[in-house]
1. I need the fraction of alpha carbon pairs in the chain separated by more than 22 Å, rounded to a whole percent.
2. Evaluated at 25 °C with a viscosity of 0.890 mPa s, what Stokes-Einstein diffusion coefficient in µm²/s does the stretch 158-210 have when Rh comes from the Kirkwood expression over alpha-carbon pairs?
3. Round to a whole number: what % of the accessible area of the stretch 127-227 belongs to carbon and sulfur, probe 1.4 Å?
4. Taking only Cα atoms of the stretch 2-86, what ratio of Rg to Rh do you get with Rh as the Kirkwood inverse-distance radius?
5. Can you work out ³J(HN,Hα) from phi for every residue in the stretch 197-214, in order, using Karplus 6.51 cos²θ - 1.76 cosθ + 1.60 and θ = phi - 60°, giving whole Hz and x for Gly and Pro?
6. Can you give the accessible area per residue of the chain, in Å², using a 1.4 Å probe?
7. Taking R0 as 30 Å, what FRET efficiency do you get between TRP3 and ARG97 from their Cβ-Cβ distance, rounded to the nearest 0.05?
8. What order do you get for 35-41, 11-17 when each peptide is scored by the mean count of other beta carbon atoms within 10 Å, highest first?
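The values are calculated or read from the model by the stated rules, or taken from the named source; none is laboratory data. Computed from a prediction, not measured in an experiment: that's the story for all the values here. Backbone-built Cβ (ideal geometry, glycine too); neighbour counts: all protein chains shown. Areas reflect the complete protein model, heavy atoms only, side chains present, ligands, DNA and RNA absent. Shrake-Rupley method; radii C 1.70, N 1.55, O 1.52, S 1.80 Å.
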Amino acid sequence: MVWQRPDSRQPHELRPVKFERRFTRYAAGSVLAHCGNTQVLCTVSASEDVPRWLKDSGQGWLTAEYRMLPSATHTRSRREVMKLSGRTQEIQRLIGRSLRAAIDLEALGEITLTVDADVIQADGGTRTTAITGAYVALEDAIAHLIANNTLQSSPLKHQIAAVSVGLLEGDAFLDLNYPEDVAADIDFNVVLNGDLGYVELQGTAEANSFSRQQLNQMLDYAEVGIKQLMVLQKEALLPE
């Protein structure tokens with residue numbers, strides 16, 4: 001049996017992707033990232049201080065927070081206020097690790113960049129959309145800091161993007177939407193830098209094991225998808 005994609009995409013095909021820059025007024029960088037029906041508001045704020053363990057080190061920091069709005073899914077979920085779920089904590093750590101790989105923290109100086117990823121609408125791939133969209137917001141935030149003379153030069157060293165891949169009915173598919181994510185036997189989240197070096201690879205066998213050949217196919221699809229995402233990021237960042 002061959003899996004039929006609900007939206008009729010080819011196995012190696014991304015959903016439509018769009019980045020709406022400067023979506024909010026006050027953040028140093030903000031982007032509404034669209035990946036199919038998934039929408040994530042990504043903002044980057046800057047403060048001229050650092051966590052206590054970095055005081056007087058000359059090194060900056062980047063951290064991330066991730067939330068899903070209560071009405072982002074078909075059934076309203078409770079707003080996470082006092083205690084974050086394990087899933088939320090894991091995702092925001094992933095976003096932070098991924099975007100720290102984009103920055104030379106010593107060149108940043110004693111500045112903290114805070115990435116907020118708020119899922120407005122969820123249809124699979126929220127964490128990968130958050131990473132890919134937040135990178136665009138991060139570039140805008142750095143440009144804003146340079147324009148304000150907070151930074152003298154850009155500390156960015158790598159472009160970063162992420163995508164999901166998975167196995168359905170034994171075959172590899174790129175950029176899973178929610179029905180595919182639920183049905184997948186295997187699913188991976190892949191984060192690469194501009195040199196196509198691996199920043200993070202998260203994957204698990206939900207039901208069945210997988211072969212090296214199947215893994216290679218998934219990673220090949222991820223690389224194809226991330227190359228396309230990086231082109232779209234660059235196009236979105238062209239001067240308006």
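1. The share of Cα pairs beyond 22 Å in the chain comes to 53 percent.
2. 213
3. The C+S portion of the solvent-accessible surface of the stretch 127-227 is 41 percent.
4. Working: Rg = 18.3 Å, Rh = 16.8 Å.
Answer for the stretch 2-86: 1.09.
5. x, 7, 9, 7, 9, 10, x, 7, 8, 6, 10, 10, 6, 9, 8, 4, 4, 5
6. 51
7. On the way: r = 31 Å, r/R0 = 1.04.
For R0 = 30 Å, the calculated efficiency reads 0.45.
8. The most tightly packed comes first, giving 35-41, 11-17.
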